[in-house]
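The values are calculated or read from the model by the stated rules, or taken from the named source; none is laboratory data. Just so we're clear, the structure is a prediction, and the values are computed from it rather than from any experiment. Using ideal geometry, Cβ is built from the backbone for each residue, glycine included, and neighbour counts are taken over all protein chains shown.
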Amino acid sequence: MQPAAETSPAPPRASIGVRRALVLLNEKAGSVGPKAGAQLIDALKASGVEQFTIVDATRMSRRNFQRASQFDAIIVLGGDGTARFAADLAPRDGPPLILLPGGTLNILPKALYGDLAWPDAIKAVLERGVEKRLPVGRANGESFYVAGLFGPTTLLALARRSVREGKPLKALQRFRHALNRSFTRSIRARTGTGKMRKAEGIGVLLPSFSGGIETDSLEWVRLDAKHFVDLARVSLRAVTADWRNDSTVEISKCKTGDIYTSGIIPATLDGEPRTFLSYVRITFRTRSQSIGVRSGVALCRSYISPICILAAKTRARSTRRPSMCAISSPMPSS
């Protein structure tokens, strides 16, 4: 009898049905690097993704998403800014997004996958997914998924970015500029239809800022620093969650808000610098209808632009009802 011919084992198949993927790769992001492309290809093949197209995320445009319907998922490897840009450009009826942690802070991916590095995160996503619904805030129509910061003190974010980029002289220059602008051009702001109040800075936070997902409102943070000592103290306490207890910080909930000033309003949306002229309108839409779980996979739609996101479950199961548009991974209970 002839021995049976040896055959190589078939490659694993992605359990959530991702066979074709559009990959947006930002090698310039804080924790990606030039070797990430090859590593990502190996990870996709190992997870059973049979076809994929890789696009430089630093050059992505709406044109890249014109054939999105031909893919089962859109994979984004970059920082929070890259994730935000991709989410904005993704078609409303397109495939789910997989937002991998490739930046410096990775606030949004950490809310989805915990502390998993991106190779482990993508493996977990493709093996086991859960439905999430991603809340979105908007500033004059521009979306943000983690936090929007507004006012002169926001200029400090540019100084911190220069430090991360290894440009100390530029960081010092930006720090001085931020101090010169602070306490000289305050803003006025309100939540809902309330009274306008003076502030040195306004933060509008989504739950991902604190490692969560679900919410039915935005968190409104008013900074009422009187002098440089207050600002320095809050900046130091911002390293931990202790900043919430500072005497200059006032926190409330809102679904809409308004920010005014006589000139330019410096801002950052998910860490990306922006400027607004005189006025910013903050909006938030409550949860739309839920999306059904299919084979353990979460197909999600964001509150304002209904995009899908994939995220993977970690070992600990969440008892909370999914509320975000992503195939994403609930945080382990602590």
For the stretch 120-161, which residues satisfy the criterion of being at pLDDT below 75 and farther than 22 Å from residue 214 by Cα?
155, 156, 157, 158, 159, 160, 161
With a cut-off of at least 1 residues that are over 24 Å from residue 269 (Cα atoms) and modelled with pLDDT of 85 or more, name the strands (runs of 3 or more DSSP E) lying wholly within the stretch 1-102.
20-25, 51-56, 73-78
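Somewhere in the stretch 116-137, is a residue assigned to a loop (DSSP other than H, G, I, E, B), within 30 Å of residue 188 (Cβ to Cβ) and touching a strand residue (DSSP E or B) at 6+ places or on another chain (Cβ under 9 Å)? Walk me through it before giving the result.
Step one: list which residues in the stretch 116-137 are assigned to a loop (DSSP other than H, G, I, E, B), which gives 116-117, 128, 133-136.
Keeping just the survivors that are within 30 Å of residue 188 (Cβ to Cβ) gives 135-136.
Within this subset, residues satisfying the condition of being touching a strand residue (DSSP E or B) at 6+ places or on another chain (Cβ under 9 Å) are 135-136.
Yes, the conditions are met somewhere in the stretch 116-137.
Do we find that residue 54 is free of Cβ contacts under 8 Å to residues at least 60 places away in the same chain and under 18 Å from residue 120 (Cα atoms) in this structure? Steps first, answer last, please.
On the way: free of Cβ contacts under 8 Å to residues at least 60 places away in the same chain: yes; under 18 Å from residue 120 (Cα atoms): no.
Considered against the rule, which asks whether it is free of Cβ contacts under 8 Å to residues at least 60 places away in the same chain and under 18 Å from residue 120 (Cα atoms), residue 54 comes out as no.
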Reported set for the stretch 101-122 where residues are crowded, with 20+ Cβ neighbours inside 10 Å and within 10 Å of the chain's Cα centre (by Cα) is 101, 106, 107, 108, 109, 111, 112
Go through the stretch 239-269 and count every residue that is in contact with a Gly (Cβ under 8 Å, 6 or more places away or on another chain) and not in a strand (DSSP E or B).
1
Quick one: which residue in 224, 216, 246, 242 is modelled with pLDDT of 70 or more and touching a helix residue (DSSP H, G or I) at 6+ places or on another chain (Cβ under 6 Å)?
246
Within the bounds of the stretch 293-312, is there any residue that is assigned to a strand (DSSP E or B), within 18 Å of residue 146 (Cβ to Cβ) and at pLDDT 60 or above?
no
Please work out which residue is farthest from the chain's Cα centre (by Cα), limiting yourself to the stretch 141-163 and to residues that are closer than 21 Å to residue 188 by Cα and assigned to a loop (DSSP other than H, G, I, E, B).
151
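Take the conditions surrounded by 17 or more Cβ atoms within 10 Å (Cβ to Cβ), within 19 Å of residue 256 (Cβ to Cβ) and hydroxyl-bearing (Ser, Thr, Tyr) and apply them to residue 143. Does it pass?
yes
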Within the bounds of the stretch 267-279, is there any residue that is modelled with pLDDT under 70 and not hydroxyl-bearing (Ser, Thr, Tyr)?
no
